[in-house]
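S.K.: Questions regarding the structure given below will be posed in turn.
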Amino acid sequence: MEQNIIKVENLSKSFEIASKKPGLKGTIKHFFRRETQNINVIKDISFEIKRGEIIGFLGANGAGKTTILKMLCGLIYPSAGKLSVSGYLPYKRKVNFLKNITLIMGQKQQLIWDLPPIESFYLNAAIYDIDKFEAKRRIKRLSEMLEIDKELYIPVRKLSLGQRMKAELLAALIHKPNILFLDEPTLGLDINAQRNLRKFLQIYNKETEATICLTSHYMKDITYLCRRVICVHEGSITYDGSLDKLLKKLSPVNDILIICRSDKDANQLSNSGLMIKNRNKKEITLTIKKNAITSTLKEILNKFDIEDLYISETPVDEIIGEILINKKV
């Protein structure tokens, strides 16, 4: 069995759009002589994803994350390069390929608005040639994992956003796909609904060894689920690797609050040559490189009378925000 379930090599995608000057004059001119321009959305990217991995795609709005997912699931034809998903060319939309994947987009829905979700589940089961007995068994299993029961028999339009998202997920998984493409799956959900959805995806990944490709602007989705991330900037990949290594690269230091027992110790610590970020009487905040924390703290505890100390980690949202603001890793 091939270990890499997704292979992407020198993949590019460009769109041809109309180029028109504003105003009536520009409209008339464009009507008689149509001008277009090519926009390169994805630029010569390459990566591989192993079976069972959960990969997070990070980047600012418009970086190309959704376009990558759409090419991987076959909704968009690539302009150049090679890609293989589970041994298939996605854009050919083979039946066996479609049975192996699912795409969930937080801003789009597949459930029928005026019917209970259970009706859409049975419709999906029929589309995938799943008999009714097996469909009932799968629906029961997934509904237990997602903790939805009575909601299955309530019209979709009367469900809350969190309940509807759970039902959308169940509908997308009824055919047991081994590759999940999730584009902002927790968009608009409250904290509890986000947490429950993350737990479900983690359990589903462990039980089925499904491969999950995830985009999200909620950093807890990424940190909870993904060990590896791919950062996309203006259609190019700027980082592909461990999330932990990325966080250490973007935040190589820690702030450490040290509370001294006496003013004398506080004064001596302030003049010890360490990088002082802030001081408030006996409370001193130091900035220390992560790879030197152990040795530095050992030296401080041996030399000074310390009452207490606190090590603070830079919030992940702030660290990842550097990628979105500065656009590069």
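S.K.: Right, ASN40: outside any loop (DSSP other than H, G, I, E, B), in contact with a strand residue (DSSP E or B) (Cβ under 8 Å, 6 or more places away or on another chain) and free of Cβ contacts under 8 Å to residues at least 24 places away in the same chain or not?
M.R.: no
S.K.: Might you check whether a residue that is among the small types (Gly, Ala, Ser), part of a helix (DSSP H, G or I) and surrounded by 10 or more Cβ atoms within 10 Å (Cβ to Cβ) occurs anywhere in region 2-12?
M.R.: no
S.K.: Now for a separate question. Is it the case that some residue within region 171-184 is farther than 25 Å from ILE130 by Cα and surrounded by fewer than 21 Cβ atoms within 10 Å (Cβ to Cβ)?
M.R.: Yes, region 171-184 contains a residue that is farther than 25 Å from ILE130 by Cα and surrounded by fewer than 21 Cβ atoms within 10 Å (Cβ to Cβ).
S.K.: Quick one: in region 220-235, which of the residues that are of a type in the set (D, E, K, R) and farther than 15 Å from LEU11 by Cα is surrounded by the most Cβ atoms within 10 Å (Cβ to Cβ)? I'd like the intermediate steps shown before the answer.
M.R.: Step one: list which residues in region 220-235 are of a type in the set (D, E, K, R), which gives 220-221, 227-228, 234.
The next check asks that each one be farther than 15 Å from LEU11 by Cα; those that pass are 220-221, 227-228.
Numbers: LYS220: 15, ASP221: 22, ARG227: 13, ARG228: 18.
Of everything passing the filter in region 220-235, ASP221 is surrounded by the most Cβ atoms within 10 Å (Cβ to Cβ).
S.K.: Right, another one. From (1) modelled with pLDDT of 90 or more; (2) outside any helix (DSSP H, G or I), pick out the condition that doesn't hold for LEU98.
M.R.: (2)
S.K.: Find the residue count for region 236-267, including only residues that are buried (at least 17 other Cβ atoms within 10 Å of the Cβ), more than 30 Å from LEU225 (Cα to Cα) and not acidic (Asp, Glu).
M.R.: The total comes to 3.
S.K.: Suppose we filter region 270-285 for residues that are more than 17 Å from ILE311 (Cα to Cα) and at pLDDT 90 or above; how many remain?
M.R.: 0
Residue-by-condition table, conditions (1) in contact with a helix residue (DSSP H, G or I) (Cβ under 6 Å, 6 or more places away or on another chain); (2) over 19 Å from ILE42 (Cβ atoms):
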site	(1), (2)
ILE203	no, yes
LYS206	no, yes
THR215	yes, no
TYR218	no, yes
TYR224	yes, yes
ILE230	no, no
GLU234	no, no
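S.K.: Also, quick follow-up: List pairs: first residue in region 199-227 and under 21 Å from CYS73 (Cα atoms), second residue part of a helix (DSSP H, G or I) and among the acidic types (Asp, Glu) anywhere in the structure, Cβ distance under 8 angstrom, at least six positions apart or on different chains.
M.R.: Every condition considered, the pairs that remain are LEU214/ASP221.
S.K.: Still on this model: Which of the residues spanning region 153-167 are closer than 23 Å to ILE127 by Cα and touching a Gly at 6+ places or on another chain (Cβ under 9 Å)?
M.R.: MET165
S.K.: What's the number of the condition LYS94 fails, among (1) within 25 Å of SER216 (Cβ to Cβ); (2) of a type in the set (Lys, Arg); (3) in contact with a strand residue (DSSP E or B) (Cβ under 7 Å, 6 or more places away or on another chain)?
M.R.: The failed condition is (1).
S.K.: Looking at region 54-70, can you tell me whether even one residue there is more than 15 Å from the chain's Cα centre (by Cα), within 30 Å of ASP244 (Cα to Cα), of a type outside the set (Asp, Glu) and buried (at least 18 other Cβ atoms within 10 Å of the Cβ)?
M.R.: no
S.K.: Follow-up question, since we're still on this one. Would you mind finding the one in LEU24, LEU69 that is over 26 Å from ARG228 (Cα atoms), assigned by TED's automatic domain parsing to the domain that holds HIS233 and either free of Cβ contacts under 8 Å to residues at least 60 places away in the same chain or in a helix (DSSP H, G or I) (or both)?
M.R.: LEU24
S.K.: Could you check region 136-170 and list, in sequence order, the residues that are of a type in the set (Asp, Glu) and surrounded by fewer than 19 Cβ atoms within 10 Å (Cβ to Cβ)?
M.R.: Those that are of a type in the set (Asp, Glu) and surrounded by fewer than 19 Cβ atoms within 10 Å (Cβ to Cβ): GLU144, GLU147, ASP149.
S.K.: Can you tell which of LEU225, LEU274 is on the phi < 0 side of the Ramachandran plot and not assigned by TED's automatic domain parsing to the domain that holds PHE304?
M.R.: On inspection, the qualifying residue turns out to be LEU225.
S.K.: Further question: In region 101-116, how many are surrounded by 13 or more Cβ atoms within 10 Å (Cβ to Cβ) and either out of contact with any Phe, Trp or Tyr (no Cβ under 8 Å at 6 or more places or on another chain) or part of a loop (DSSP other than H, G, I, E, B) (or both)?
M.R.: Of the residues in region 101-116, 8 are surrounded by 13 or more Cβ atoms within 10 Å (Cβ to Cβ) and either out of contact with any Phe, Trp or Tyr (no Cβ under 8 Å at 6 or more places or on another chain) or part of a loop (DSSP other than H, G, I, E, B) (or both).
The values are calculated or read from the model by the stated rules, or taken from the named source; none is laboratory data. Predicted model, so just to flag it, every value in this text is computed and none were measured. Virtual Cβ from ideal backbone geometry, glycine too; neighbours counted across all protein chains shown.
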